[in-house]
Every structure is written in C-alpha cells, then in structure tokens.
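A short reminder: the numbers here are calculations on the coordinates, not readings from a lab. These numbers were taken from a predicted model, which means no experiment stands behind them. Neighbour counts are summed over all protein chains in view; Cβ atoms, including those assigned to glycine, are modelled from backbone coordinates with ideal geometry.
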Amino acid sequence: MNTHCGKNKRSTESGFTLMELMVVIVILGILASIVVPRFLDEPQKARVIKVKMQIQGLSTAAKKFYLDNGFYPSTEQGLQALVEKPTIGRIPKHYPSNGYIAKIPSDPWENEYVYIAPGEHEAFEIISFGADGEEGGENDGTDIQSWNIE
C-alpha cells in the first residue's frame with residue numbers, strides 16, 4: 001500500500017517536463033530570430049533619414065548663398081563658406097552677418113560631409129560616405145549623395 005500511495009503522489013505533482021521546456025525554448029528562439037533583426041535595422045534607417053535631412057538642409061543653405069551672390073562656394077571654400085564668409089577664392093559680396101547656417105554638422109557616423117563644386121551631376125554635390133567613412137561601399141557603408149536622395 002505504501003508503494004501505491006507514493007505513485008499517486010508522484011503523478012499529481014505539477015510542473016513542466018524537460019521536453020516541454022525544450023519546445024518552448026525552440027519557439028522563443030524562432031520568434032527572436034524573426035523579430036530581433038527588424039529592430040536592429042531601425043537605428044540604421046534612422047541614420048540614413050538623418051543624413052538625407054542634413055544634406056537637404058546644407059543644399060538649401062548653398063542655394064541661398066547662390067541666390068545672394070550668383071555663385072556657389074567652391075570646393076576649396078567648402079561647406080564652411082555657409083558658416084562664415086570665405087577669405088579664399090571668389091569672395092561673396094552679399095554675405096549675411098550671421099552666415100547661412102550656424103555650424104556644419106557631422107553625419108550620424110561622426111564623419112565630415114564631402115562638398116564638391118562644380119559637381120559631376122549638379123552644380124554642387126554633398127556626400128556622406130556612410131558608416132564605413134570611405135567612398136563606395138554596400139549596406140551600412142553605402143554612400144548617400146545629394147543628387148541621389150529620394
């Protein structure tokens with residue numbers, strides 16, 4: 001009789017079997033492999049959007065410079081010509097006392113923007129080399145150019 005009571009007590013214990021736990025862990029692993037990459041890609045998308053907005057803002061300032069002076073800053077003058085009146089190259093005659101923008105931002109990867117004038121595609125070009133900071137590249141390192149912003 002004692003043996004019989006022990007069996008009943010054992011069969012009424014609650015809890016998960018090892019197999020049930022393994023199934024739950026596998027299901028969680030599958031869900032994580034689907035969901036996590038989507039969230040990991042979001043910061044990269046946000047950086048690309050920020051670059052595009054910054055390039056558009058810098059382009060607008062360069063166009064204001066052009067409207068006031070009849071020419072764009074040269075490559076040598078660079079984007080800094082939008083912050084303070086250039087002292088080299090062609091000197092603008094109608095330059096606002098506070099410049100066209102307060103400062104030149106770095107791209108979201110802390111790299112400087114490249115400014116070329118005249119450009120190959122437009123009167124001027126502004127480029128971010130992306131996460132790798134080098135010309136060319138793929139994925140996170142893809143270049144973002146002022147003439148190619150969607």
Taking first residues from segment 82-108 that are under 20 Å from residue 53 (Cβ atoms) and second residues anywhere that are hydrophobic (A, V, I, L, M, F, W, C) and outside any loop (DSSP other than H, G, I, E, B), the pairs with Cβ under 6 Å that are 6 or more apart or on different chains are 82/61; 100/61; 100/65; 100/82; 101/61; 101/82; 104/79; 107/51
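Please work out if residue 66 is outside any helix (DSSP H, G or I) and of a type in the set (Ser, Thr, Tyr).
Details: outside any helix (DSSP H, G or I): no; of a type in the set (Ser, Thr, Tyr): yes.
When the stated conditions are applied, residue 66 does not pass them.
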For this session: Restrict the check to segment 36-49 and report whether at least one residue is exposed (fewer than 14 other Cβ atoms within 10 Å of the Cβ), of a type in the set (Phe, Trp, Tyr) and either more than 13 Å from residue 145 (Cα to Cα) or out of contact with any strand residue (DSSP E or B) (no Cβ under 8 Å at 6 or more places or on another chain) (or both).
Result: yes
Exercise. Please verify whether segment 93-102 includes one or more residues that are crowded, with 16+ Cβ neighbours inside 10 Å and assigned to a helix (DSSP H, G or I).
Key: no
Residue count, segment 114-150, condition over 17 Å from the mean Cα position of the chain (by Cα) and touching a residue at least 60 places away in the same chain (Cβ under 8 Å), comes to 1
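Please work out which residue is farthest from residue 119 (Cα to Cα), limiting yourself to segment 60-92 and to residues that are among the β-branched types (Val, Ile, Thr) and surrounded by 14 or more Cβ atoms within 10 Å (Cβ to Cβ).
Restricting attention to segment 60-92, the residues satisfying the condition of being among the β-branched types (Val, Ile, Thr) are 60, 75, 83, 87-88, 91.
Narrowing the set further to residues that are surrounded by 14 or more Cβ atoms within 10 Å (Cβ to Cβ) leaves 75, 83.
On the way: 75: 9, 83: 21 Å.
Applying the filter and picking the extreme gives 83.
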Scanning segment 80-128 for residues that are more than 14 Å from residue 61 (Cα to Cα), touching a strand residue (DSSP E or B) at 6+ places or on another chain (Cβ under 7 Å) and of a type in the set (A, V, I, L, M, F, W, C) gives 114, 116, 127
